[in-house]
Amino acid sequence: MKLFSLRGFGVSYRDRAGLHPALQGIDLDIEAGRHLALLGESGSGKSTLAAALAGLLPANAVSTGRLTRPGFAFEPRPGRDIGMVFQDPGGSLDPLIRVGDQIAEARRACRGGRRGDALALARDWLQRVALPELHSASRKYPHQFSGGQKQRIALAAALVSEPSVLIADEPTSALDSITQHAIVELLRTLMGRSIPADRAMGSIGGNRQDAKHLQGFPSRPRDEPRRETLLGGGLTLVFVTHDIALASQLADDVAVLYQGRLVEAGPAERLFRAPAHPYLKALLATRQELGNQAFGGSRSRRFAEIDSRDFSVRIPQAAGGAGHG
Ligand SMILES: Nc1ncnc2c1ncn2[C@@H]1O[C@H](COP(=O)(O)OP(=O)(O)O)[C@@H](O)[C@H]1O
Ligand SMILES: [Mg+2]
């Protein structure tokens, strides 16, 4: 079942000088229950597309073409039916409210119910994102947590209202690489999936030692039966990133944006095996290149270099390979 369907979809931003296109001619279907990575360099329109899907485009945005949500029986409400997490977790948390109360209020605003029940649910969610009440997590304020912990809280706040889609806009980009792994692992656990061995970070970087930093994080023991997925196994994920390694860990499908256009889309396995667009090819080459190096800050530097390279001259012949999922 298609949850979202875009045909000839575009978004421009209006300012005094006129309209500036951010997305053009997007044809894309997002299937329910699938995990889509939205990949592209900085400024390619990823956040614009994420906001459009969530129904959260800013007031100065003008959209054209068609964006329908056939998988919803009713007009989905952002926050309730479509959960969002952003790059800066601090930005979505109120510094003056205890995190337990914030999550509880997020629940009540969307689903109603009694305050006490919502608070119990909030504590339960903090536990699921590995911030147990043992440490009085629910009674603390956002500044008492690290960046990675705040992102866990933001995830709890986004998921507590049981949305059917989670849109995560570069949720790990502001975090160090070890914390990134932990958040990606958490996302997979929350969705009832574990990282396939062949796609685990260990296979692309020398991060063996990272694993011990993840100890204490409640990943599923191998012989334990898979826990029932929180959202009936059907949670759809749209994961925005410019990091191909993260995309490969989370995605069933990949859509690649380049300068506001969808240049490639399809199953992750196929795109990563046989990329058509030069931008995706360059990203994949970097991934292999870095596979032989110690895992560290060099990776983000390398991505920044790729972002600043200009592939546009090669778009005309490559764009022919673009399809929609
Ligand atoms: N609120 C806005 N007002 C005006 N221009 C915007 C706004 N948001 C994004 N843009 C512009 O739209 C383009 C795409 O931006 P964005 O969707 O944020 O890309 P990405 O998330 O891939 O970095 C950029 O040129 C950006 O400057
Ligand atoms: Mg963005």
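Give the residues of the stretch 119-149 that are within 18 Å of LEU186 (Cβ to Cβ) and among the aromatic types (Phe, Trp, Tyr), sorted by residue number. Residues satisfying the conditions are TRP125, PHE145. Any chance the stretch 123-133 includes a residue that's surrounded by fewer than 17 Cβ atoms within 10 Å (Cβ to Cβ) and acidic (Asp, Glu)? Yes, there is a match, as at least one residue in the stretch 123-133 is surrounded by fewer than 17 Cβ atoms within 10 Å (Cβ to Cβ) and acidic (Asp, Glu). Scanning the stretch 3-60 for residues that are farther than 20 Å from VAL256 by Cβ, in a strand (DSSP E or B), in contact (Cβ under 8 Å) with a residue 12 or more places away in the chain and away from ligand 2 (no atom under 16 Å from the Cβ) gives SER12, ARG14, ASP15, LEU19.
Tallying residues that are over 17 Å from the mean Cα position of the chain (by Cα) and in a helix (DSSP H, G or I) within the stretch 130-162 yields 9. Looking across the stretch 151-184, the residues that are more than 16 Å from ligand 2 (Cβ to nearest atom) and among the acidic types (Asp, Glu) come down to GLU162, ASP176. Could you tell me whether any residue of the stretch 168-180 is in a helix (DSSP H, G or I), under 14 Å from the mean Cα position of the chain (by Cα) and modelled with pLDDT under 95? Yes, there is a match, as at least one residue in the stretch 168-180 is in a helix (DSSP H, G or I), under 14 Å from the mean Cα position of the chain (by Cα) and modelled with pLDDT under 95. Evaluated against (1) within 16 Å of ligand 2 (Cβ to nearest atom); (2) out of contact with any helix residue (DSSP H, G or I) (no Cβ under 9 Å at 6 or more places or on another chain), PRO70 falls short on exactly one condition, (1).
Can you tell me how many residues within the stretch 62-84 are within 14 Å of ligand 1 (Cβ to nearest atom) and buried (at least 17 other Cβ atoms within 10 Å of the Cβ)? Walk me through how you get there before you give the answer.
From the stretch 62-84, those within 14 Å of ligand 1 (Cβ to nearest atom) are 62-63, 84; that's our starting set.
When the remaining residues are screened for being buried (at least 17 other Cβ atoms within 10 Å of the Cβ), the result is 84.
Of the residues in that region, 1 qualify.
How many residues does the stretch 81-105 hold that are part of a loop (DSSP other than H, G, I, E, B) and either among the polar types (S, T, N, Q) or in contact with a Lys or Arg (Cβ under 7 Å, 6 or more places away or on another chain) (or both)?
Applying the first criterion (part of a loop (DSSP other than H, G, I, E, B)) to the stretch 81-105 yields 81, 86-88, 93-98.
Narrowing further to those that are either among the polar types (S, T, N, Q) or in contact with a Lys or Arg (Cβ under 7 Å, 6 or more places away or on another chain) (or both): 87, 93, 98.
Of the residues in the stretch 81-105, 3 are part of a loop (DSSP other than H, G, I, E, B) and either among the polar types (S, T, N, Q) or in contact with a Lys or Arg (Cβ under 7 Å, 6 or more places away or on another chain) (or both).
The rows are residues; the columns are (1) within 21 Å of ILE167 (Cβ to Cβ); (2) modelled with pLDDT of 95 or more; (3) out of contact with any strand residue (DSSP E or B) (no Cβ under 6 Å at 6 or more places or on another chain).
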| residue | (1), (2), (3) |
| --- | --- |
| SER92 | yes, no, yes |
| ILE103 | yes, yes, yes |
| LEU119 | no, yes, yes |
| GLN127 | no, no, yes |
| LEU131 | no, no, yes |
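Scanning for something among the basic types (Lys, Arg) and either crowded, with 18+ Cβ neighbours inside 10 Å or touching a Leu at 6+ places or on another chain (Cβ under 7 Å) (or both), does the stretch 98-105 turn up at least one residue? Yes, the conditions are met somewhere in the stretch 98-105.
When you check ALA52 against the structure, is it at negative phi and out of contact with any Leu (no Cβ under 7 Å at 6 or more places or on another chain), yes or no? Criteria not met by ALA52.
Restricting the stretch 15-60 to residues that are more than 8 Å from ligand 1 (Cβ to nearest atom) and basic (Lys, Arg), the residue that is nearest to PHE86 (Cα to Cα) is ARG34.
The values are calculated or read from the model by the stated rules, or taken from the named source; none is laboratory data. Values in this document were obtained by computation on a predicted structure and should not be read as measured data. Reconstructed Cβ throughout: ideal geometry from the backbone, glycine too, with neighbour counts over all protein chains shown.
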